[in-house]
Structures are given as C-alpha cells and as structure tokens.
Amino acid sequence: MLKIATMSPLRHIVVVCLVAAGCDSSTSTMRTLDTTTGVTGAVVIASGQEAPAAIAVDGVNVYWMNLGTNATTDPKAPMGWTGGKVLKCPVAGCGGAPVALASDVSQGPSTGAPAPFATDGESVYWSEDSAQQIVKCGVAGCGGKPQVIAPQGAEGLAVFQGTFYWTKFSAELYACPTAGCGSSKTTLWSAGYSPCDVGVAVDASGIYWVANAPDTLFSCPLGGCGGAPTTLMAGSSDVADLQQVALDANNVYFTDGNPLELGMILACAKSGCGTGPTVLARGLDAPIAIATDGINVYWTETGPNFVAGASVTGVGLVRKCAVGGCGNAPTSVATGLTSPGAIALDDANVYWTEGGTAADGGKIWKAPK
C-alpha cells in the first residue's frame, strides 16, 4: 500500500535580507518565506533514501539513483559518494519496497541533483563520475552488474531511438549507440571549456543543450552538425546560470539556477530566440530540474539554504507554469520540501526526489499533474 503524506500544518516565517541590498532596515529588500509543511495530494513512493539525485519514468516504472553517503568533514577536501543505488518501483507503487537494479554505485564529490540519468523503457542509463564511465542496466535487472557502454563520465545524459547523447563540462557533446561504443564514440562538438556544457535533451527534431560561461543554448541535428552547432540563444543580459533543458514540439525550456530570487524558467523557440528568451517565471530561488509535457512546464526549486547565517529547511517547491505563460504566477504542486532535486513526468503524474535533512531522509514523491 502506498504511503500517503500526512504532514502537520507547521508554519514559520523567515525574513530575508538580500546581500546586494545590505541589512539596514531603511535600504534592505525584505521578503517573507512561507514554509508551510504540506504536500497536498502527493504520495511517497519510497522513504529512507540516501541522497536521491536522479529520476526517470517510462509509464510502467519509476527509476531513481541514490548517491549514498558522503564522509566529507572538511569542505576544502571533499570526498566522493559511496554506497549508491539505482532502484525501480511500479508507478502504481511498491509498498515502500523498491527493487535495486544496481548497488555500490560510486560518484565523485561534485555529483549533485539532477545527476545524469535516463531510461528508454528497455534500460536505465547513468554516469558514474568517480569511475568516469557511462553504464546501463536492463529494466528487468542486470544481476547487479551494469554494462559499461562508454569509458567517460557525463554532465548531462539523454537517450533517443537507440542512441545516447551526453555532455561533458569541458564543452563537449558525444553520441553512441545504446549497445555501447567501447573506446570509440561520435564527437558532435568539442570547443575546449568555453562555454561549459551542462544539460541536454533530444527528440526527433535534434539535440539541444545548454552551456554556461557564457550562457548559451545550442542545437544540432541528430545526424550531426560537423562540429558547428546552431546557436539558438546567446548574449542575454538576463540569463546567468543555465543548468537543465526540456523539450516539446515547438520550444526548448531551460532553468536559470540563480538563488536569492534571481532564478528563472525560460523558453526559446526551436528556431532560435537571439538574445531574448521568453521568461515564463522569474523571482525564483535556485530552480534546478525541469520537465514538460507540452502543456505545462514543471520544475523543482530548492529555496534558500541559509538566511541571516542560519540554515533553513522546508522551503523547497515543485511548481508548474503553462507553456504559453502564467503571468509570473506559477502553481505550486508541492511545498514544504527540503532539497527537492530531479523531476520526471508521465501522462498522469509528476515525480520528484527530495533529499531531506538526514543521511537517510530522502524521499521519492508522486503527485497528479
């Protein structure tokens, strides 16, 4: 039986003074955070998860990856993640007992949510940063021994029609058959650390990815572009931290992951938008992952980590906005979350990961769209 979230309506108000404005009462920019603890209509698919950081769904099952534990005590000497797992659960629920497809997954210290992860309904694909390899496991299982399909880690990962695509932060885009590419791969683009690649998404119209420093949106046909991708957006003075990307038939949607009410959800036509993407929502606090069904755009938003030097929890959100715009008034799907991360959709529901406050305090959620 699925566990229904039943949270008390605890509320506290946090007053924020933005650093840029200072904290003098006559000049500061003040804001009130509603930290009501409640996730209306949502279901916990799995609790007790250790740092869930990636999620995918194929209409039959929901799959996710836990980073595991991290023994870092000195932030100047970060350590990698150990004891990670890749798990699955039927979309209807699994009684809180998901099936482990792979265990002892290890990731580097910089791996966060959303981590590179995808499914095509036949296999689940993910990057193991510490081992610098991309692996896959069949959705029915792989005996706990995922197959290495590329000897290289990924920053972003997508799968489409028998090919998987991945970005590396060092301004690189690659493709390979899902059967594996051994020591060879197709280099679609390589620019040498400028700009640095992040999220990627693929559909029949092509490959789309975002990069930062400088913030740019690129596209390339499925067959390749001779190392010369089309620049769909560049030089926008509003955009500062492109992170993740999602597609529908007409547009590319992406996150500007800035915190402190500087984040945005943006849209750009697949034909390009120059320096002027459409802003669907602004004033957001660190929007992270993004997904769309062509009707709405959905995203996770972590909220501030610290206010006036004190840590803040329970201010994360899952929100949505119509693809045509919502008057900068997005609808909250869920509130009161701590460290929401990755997000995925099927025809009926939205799924997301929540990191929680304890090492094993993570959850996998499902809610009607």
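The values are calculated or read from the model by the stated rules, or taken from the named source; none is laboratory data. Because the structure is a prediction, the values reported are computed rather than measured. Virtual Cβ from ideal backbone geometry, glycine too; neighbours counted across all protein chains shown. Surface areas here come from the heavy atoms of the whole protein model, side chains and all, with no ligands, DNA or RNA. Shrake-Rupley method; radii C 1.70, N 1.55, O 1.52, S 1.80 Å.
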Length-normalised contact order for the chain - Cα pairs under 8 Å, 6+ apart - percent:
14 percent
Heads up, the range 227-350 by the C-alpha gyration tensor (a ≥ b ≥ c square roots of eigenvalues; a/c under 1.5 rounded, else a/b over b/c prolate, else oblate) looks oblate
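Could you check how much of the accessible area of the chain is carbon and sulfur, as a whole percent, using a 1.4 Å probe? Write down the numbers at each step before the final one.
Numbers: 7910 of 15190 Å².
Carbon-and-sulfur percentage of accessible area, whole number: 52.
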Please count, across the chain, the pairs of lysine residues with Cα atoms under 20 Å apart that sit 8 or more places apart or on different chains.
18
Under a 1.4 Å probe, what is the accessible area of the chain per residue, stated in Å²?
41 Å²
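Calculate how large, on average over all directions, the projected area of the Cα convex hull of the range 187-227 is; give the answer in nm² to one decimal. Before the final figure, lay out the partial values.
Details: hull surface 11.0 nm².
Answer in nm², one decimal: 2.7.
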Overall Cα dimensions of the range 282-369 - principal axes, largest extent first, Å:
39, 28, 15
Which residue fluctuates most in the GNM of the chain (Cα springs below 10 Å): 325, 192, 355?
192
3J(HN,Hα) from dihedral phi, the range 103-112, Karplus parametrisation 6.51/-1.76/1.60, rounded to Hz, x for glycine, proline:
10, 6, 6, 10, 9, x, x, 8, 5, x
For the chain, what is the convex hull volume of the alpha-carbon atoms per residue, in Å³?
139 Å³
Among 170, 110, 332, the residue with the largest mean-square fluctuation in a Gaussian network model of the chain built from Cα contacts under 10 Å is 110
Between the range 239-301 and the range 84-150, what's the alpha-carbon centroid distance in Å?
26 Å
One computes Rg over Rh for the range 173-243 from alpha-carbon atoms, with the Kirkwood Rh, and obtains 0.99
What is the packing order of peptides 224-236, 339-351, taking the mean over residues of other C-beta atoms within 10 Å and listing the highest first?
339-351, 224-236
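Shape verdict for the range 34-105, please, from the Cα gyration tensor: rounded (a/c under 1.5), prolate (a/b greater than b/c) or oblate.
On the way: a/c = 2.74, a/b = 1.36, b/c = 2.02.
Note, shape of the range 34-105 comes out oblate.
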Starting from the Kirkwood Rh over alpha-carbon pairs, what translational D in µm² s⁻¹ does the range 88-178 have by Stokes-Einstein at 37 °C and 0.692 mPa s?
239 µm²/s
